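After the structure tokens below, expect a handful of questions from me.
The values are calculated or read from the model by the stated rules, or taken from the named source; none is laboratory data. Small disclaimer: the values here were computed from a predicted structure and weren't measured. Here Cβ is always computed from backbone atoms with ideal geometry, including for glycine, and neighbour counts include all displayed protein chains. Ligands, DNA and RNA are stripped out before the accessible areas are found, and what is left, the full protein with its side chains, is counted by its heavy atoms. Shrake-Rupley method; radii C 1.70, N 1.55, O 1.52, S 1.80 Å.
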Amino acid sequence: MRQEEALDILKLGCNVFLTGPPGSGKTFLLNKYIDYLKRHGKRVAITASTGIAATHMQGVTIHSWSGLGIKEKLTDEDIRKLSKKSYLRKRFRQTNVLIIDEISMLHAFQFDLLNRICQRFKESIKPFGGMQVVCSGDLFQLPPVQKGGEAKFVPESEVWQSMALKICYLEEQYRQKDKELLALLNSIRHNAINESHRLLLHRKYREDVFSIAPTKLYTHNIDVNTINTFELNKIREKEFVYHMYAEGAKSMVDILKKSCLAPERLMLKRGAKVMFVKNNFGRGYVNGTLGKVIGFDENSRPVIETFTGEQIVATPASWTIEEDEKVIAEITQFPLRLAWAITVHKSQGMNLDAAEIDLSKSFVKGMGYVALSRVCSLAGIKLKGINKLALSVKEEILELDKEFKQLSREVVADFRKMGLQEGKREQREFLRSLPQIKRGKPLSTLHPTKLGEGSTYEQSKILVSRKLSIKEIAQQRGLSENTIMGHLEKLAKNEEELDLEYLRLPQNRFEKIKAAFQESGGWQLNPVREILGEDFSYRELRLARLFLDKDRTSKDK
């Protein structure tokens, strides 16, 4: 099935299982569907089985979103208690489309628990309470970790058969262009490895022609941070340290930090082996692009020479969690991590230019497939070892894969029979059936008690009237300076008499920030920080933006 056909089927509103080999564009397609819904003002819950996968779509884990957390069992009483939580009631009431990416890492029993939770909150016995559920994943990837038993994939869950799923199997390949590697991976997927494939892999034991040392992929959960730190300490160069900047509710920020492969404290030196951990096609890198730090520019930003010989000046990137088209949590860091070593599990979802892979201790079927499919070509692979288990896959997955391909062909045939006009009509009907996002009222129109005496905003306002600095207000309130900045931004929009002039930045710095905002053409902080560099803090940018916005509002009046 082609991506365009799968997107048209998603727009019909049916439950969908989106699958296909690595590099077939599953996450790219999900993002297109998400953009489509948001453009039409429709709410969509964006989740994934792991935090890393969730950040690719600016979402959260399904465990966090649903309230399931780390529980492995739920009694009726547990679900009753969950249903009393107002924030979850609101979340489910407003959600009609639920996306779950990387379902290969979900247990079948967890999928059934999620179904029970959704049915309770939506007050419906339909699967998942009647929401459109879009699952995405490749069952040839590593299965969920199961203590004391063999893991069962989501298709083995009780609810799976009752969901009337449309299978969309993407077969076009966008990652690997190497025909030999593609043939090898397809042979693993069909459990058809032969002597010629083994000879092909045997050649990779001796080859070591990389201009940059490849990332080492380990099968076991060794402490890769220790390896990376050890290698960094061997370099006798000046050290540059970059700290992560965070904004938003602590619980949401913590989720982002755990999900993001960029460290809170990034330490780099000239000569360090690094990996980009975010996609930025415009700047020439993707999640997994390898490189070496060859220096630092005048703003202390690292200059990376990639595996292909290109030079990229790294700039800070952001990872966010959005709700109702508002950013509720954001972290900002250079999208880099040390890359002498990484685990096979952590490599899922990455595109690696080169990898030194040790599969001699593979302990689960599918491990070799995951590791080899991370790399774009055979030229980027060096093998240190391999065992028989590494190249095998589960028989039941092979049978399921054949079934999925056939069902996908039937879905395409049925959609084509429907005809263009009928298909467009059904898409419009589904879109109309979804409630429009209700925009929240501005603070000034809320009930007076929300900003009344004793409210958190009023307390900050009182301290502002005493001309306290942001740091002093934060200390007196027992809150972070970021939270206080948020209070000032909200108060400034709704309190014309609020006097913040004593907080205005020195004129020379204010003018530089103002010019950078004008150059960026918007009000986002990251583009402005990229223009100005690290000499300007995010707090300064937020303060300047506060006054710029106030000046603009005054002119409009």
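Could you check the stretch 230-262 and list, in sequence order, the residues that are acidic (Asp, Glu), open to solvent by 40 Å² or more (accessible area, probe 1.4 Å) and farther than 19 Å from ILE304 by Cβ?
Hit for the stretch 230-262 is ASP254, nothing else.
What are the residue pairs meeting all of these: first residue in the stretch 398-410, first residue over 18 Å from ASN191 (Cα atoms), second residue surrounded by 16 or more Cβ atoms within 10 Å (Cβ to Cβ), Cβ atoms under 7 Å, and 6 or more apart or on different chains?
LEU407/ILE167; SER408/MET1; SER408/ILE167; SER408/CYS168; SER408/TYR169
Okay, moving on. Any chance you could count how many residues in the stretch 489-510 are among the aliphatic types (A, V, I, L, M) and either over 33 Å from the mean Cα position of the chain (by Cα) or modelled with pLDDT of 85 or more (or both)? Talk me through it step by step, then tell me what you get.
Filtering the stretch 489-510 for residues among the aliphatic types (A, V, I, L, M) gives 491-492, 498, 500, 503, 505.
Checking which are either over 33 Å from the mean Cα position of the chain (by Cα) or modelled with pLDDT of 85 or more (or both) leaves us with 498, 500, 503, 505.
Residues flagged as among the aliphatic types (A, V, I, L, M) and either over 33 Å from the mean Cα position of the chain (by Cα) or modelled with pLDDT of 85 or more (or both) within the stretch 489-510 amount to 4.
What about ARG189, is it out of contact with any His (no Cβ under 7 Å at 6 or more places or on another chain), at pLDDT 90 or above and either open to solvent by 60 Å² or more (accessible area, probe 1.4 Å) or closer than 24 Å to SER24 by Cα (or both)?
It is false that ARG189 is out of contact with any His (no Cβ under 7 Å at 6 or more places or on another chain), at pLDDT 90 or above and either open to solvent by 60 Å² or more (accessible area, probe 1.4 Å) or closer than 24 Å to SER24 by Cα (or both).
Considering only residues that are modelled with pLDDT of 90 or more and touching a helix residue (DSSP H, G or I) at 6+ places or on another chain (Cβ under 6 Å), which ones fall in the stretch 416-455?
none
Cβ contacts < 9 Å: first residue over 22 Å from LEU352 (Cβ atoms), restricted to the stretch 181-193; second residue part of a loop (DSSP other than H, G, I, E, B), any location; separation 6+ or different chain. Result?
What qualifies is HIS190/VAL393; ASN191/SER392; ASN191/VAL393.
Sticking with this structure for a sec: Tell me the residue from ILE328, ILE386, ILE397 that is more than 18 Å from PHE276 (Cα to Cα), of a type outside the set (Lys, Arg) and within 23 Å of the chain's Cα centre (by Cα), please.
Exactly one residue qualifies, and that residue is ILE328.
Answer yes if at least one residue in the stretch 406-415 is modelled with pLDDT of 85 or more, among the small types (Gly, Ala, Ser) and surrounded by fewer than 17 Cβ atoms within 10 Å (Cβ to Cβ), and no otherwise.
Filtering the stretch 406-415 down to residues modelled with pLDDT of 85 or more leaves 406-415.
Filter again for among the small types (Gly, Ala, Ser), leaving 408, 413.
The next check asks that each one be surrounded by fewer than 17 Cβ atoms within 10 Å (Cβ to Cβ); those that pass are 413.
For the stretch 406-415, residues modelled with pLDDT of 85 or more, among the small types (Gly, Ala, Ser) and surrounded by fewer than 17 Cβ atoms within 10 Å (Cβ to Cβ): present.
Can you name every residue in the stretch 383-405 that is of a type outside the set (Asp, Glu), part of a helix (DSSP H, G or I) and open to solvent by less than 80 Å² (accessible area, probe 1.4 Å)?
Here is the first cut: in the stretch 383-405, the residues of a type outside the set (Asp, Glu) are 383-394, 397-398, 400, 402, 404-405.
The next check asks that each one be part of a helix (DSSP H, G or I); those that pass are 388-391, 397-398, 400, 402, 404-405.
Within the stretch 383-405, LEU389, ALA390, LEU391, ILE397, LEU398, LEU400, PHE404, LYS405 qualify.
Do we have any residue at all in the stretch 235-244 that's of a type in the set (Phe, Trp, Tyr) and modelled with pLDDT under 80?
no
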